[in-house]
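> This is the structure I have questions about; it appears just below.
The values are calculated or read from the model by the stated rules, or taken from the named source; none is laboratory data. Note that the coordinates shown come from a computational prediction; the quantities given were computed from them, not determined experimentally. Neighbour counts are summed over all protein chains in view; Cβ atoms, including those assigned to glycine, are modelled from backbone coordinates with ideal geometry. Just so you know, the surface numbers come from the protein's heavy atoms only, side chains and all, with ligands and any DNA or RNA stripped out. Shrake-Rupley method; radii C 1.70, N 1.55, O 1.52, S 1.80 Å.
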Amino acid sequence: MFDSLLNGLILGFGVSVPFGPVNILILTYALRSFKNSLAVGFGAFSVDMLYLFLLQFGLLSFLNNDIFKYILAIFGFCFLSYMAFLMVRKKSEALDLQNQDFKESLLKSYIKGCFLNGTNPFVIGFWLSTAGVIIGDGHPYIMTVGLIISIIAWVFALSFFVAKYKHFFGAKVIKIVNIVSALIIEYFALSLLYKTFIG
C-alpha cells in the first residue's frame, strides 16, 4: 500500500516537474499574480484528472486514432502560438510588479490552463499509457492519491516561490523572461506539429 502511494508520488512529480508549456505559463503568471498562476496550474491539473478518470473506465479509447490526434495537434499549435504572441507583445510594457494589478480573472486563467493541456495530444497519449500502469497496480486508488498530491504540491510550490521572490525580477528581467518563454512555447508548438505529422 505504501509502495503504491510512493509510486503515485513519483509518477506525479515525473508528470509535473519537466518544463513544458504549462510550467512556463505558470511561471510567467506567478511573476504577476500568485492566484492566477495557481488557477492556470489547477486548470491543467483538472484536464489531467479528467483524462485519467475517463481512461480508467475505458471511455477515451476512441481518442487513440490518428485523425483525432491531427486535429488536436493543429488546435494545440494555434493556441500555443497565440500564447507565445501574447508573451512577446507584453515585452514592451513597463512592468511594475509591486504596484500593478493583474486584471485577468481567475476563471480565464483556469480556462487557459485547461485549454493548454486539453489541446495537447501527447497529454492524452501519456495518460493512455499511464492509465494501464495505475489500473494494474495493487492499490490503484492509493496510487492515484499519491499522483494527485504530488501534482498539486508542484503547482503550488512553483507558483509560491516564483511569486514570493518576484521582487528580485526587474522590468528588464521580466521582458527577457517573456521573450524566452515565448520562444520556448513556440518551440513546443512547432514540435507538436512535427512529431504529430512527420514523426
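> Ignoring everything except DSSP H segments at least 4 long, calculate the 222 nm mean residue ellipticity for the chain; use -39,500 (n - 2.57) per segment, divide by total residues, nearest 500.
-26500 deg cm²/dmol
> Work out how far the C-alpha atoms of region 159-199 reach from end to end along every principal axis, then list the three figures in whole Å, largest first.
43, 22, 7
> Further, regarding this structure: Any chance you could list P(r) for region 123-192, counting all Cα-Cα pairs in 5 angstrom bins from zero, rounded to whole %?
Binned Cα distances yield the sequence 3, 12, 11, 16, 16, 15, 11, 8, 5, 2, 0.
> Taking springs between alpha-carbon atoms closer than 10 angstrom, which of MET143, MET49, MET83 fluctuates most in the Gaussian network model of the chain?
The residue that fluctuates most here is MET49.
> May I ask you to give the solvent-accessible area per residue for the chain, in square angstrom, as obtained with a 1.4 angstrom probe?
54
> Using a Cα-Cα cut-off of under 29 Å, which lysines could be cross-linked to LYS69, ignoring same-chain neighbours fewer than 8 residues away?
Straight-line reach from LYS69, under 29 Å: LYS108, LYS112, LYS195.
> Chymotrypsin sites (Phe, Trp or Tyr not before Pro), restricted to region 122-199: which are DSSP loop and have at most 12 other Cβ atoms within 10 Å?
Those satisfying the criteria are TYR165.
> Return an integer: the convex hull volume of the alpha-carbon atoms of the chain, in Å³ per residue.
110
> Mind checking the dipole of the chain: about its Cα centre, +1 per Lys or Arg Cβ, -1 per Asp or Glu Cβ, Debye to the nearest 20?
That gives the chain a dipole magnitude of about 720 debye.
> Hey, in the GNM for the chain with a 10 angstrom Cα cutoff, which one of GLY146, GLY113, GLY136 fluctuates hardest?
GLY136
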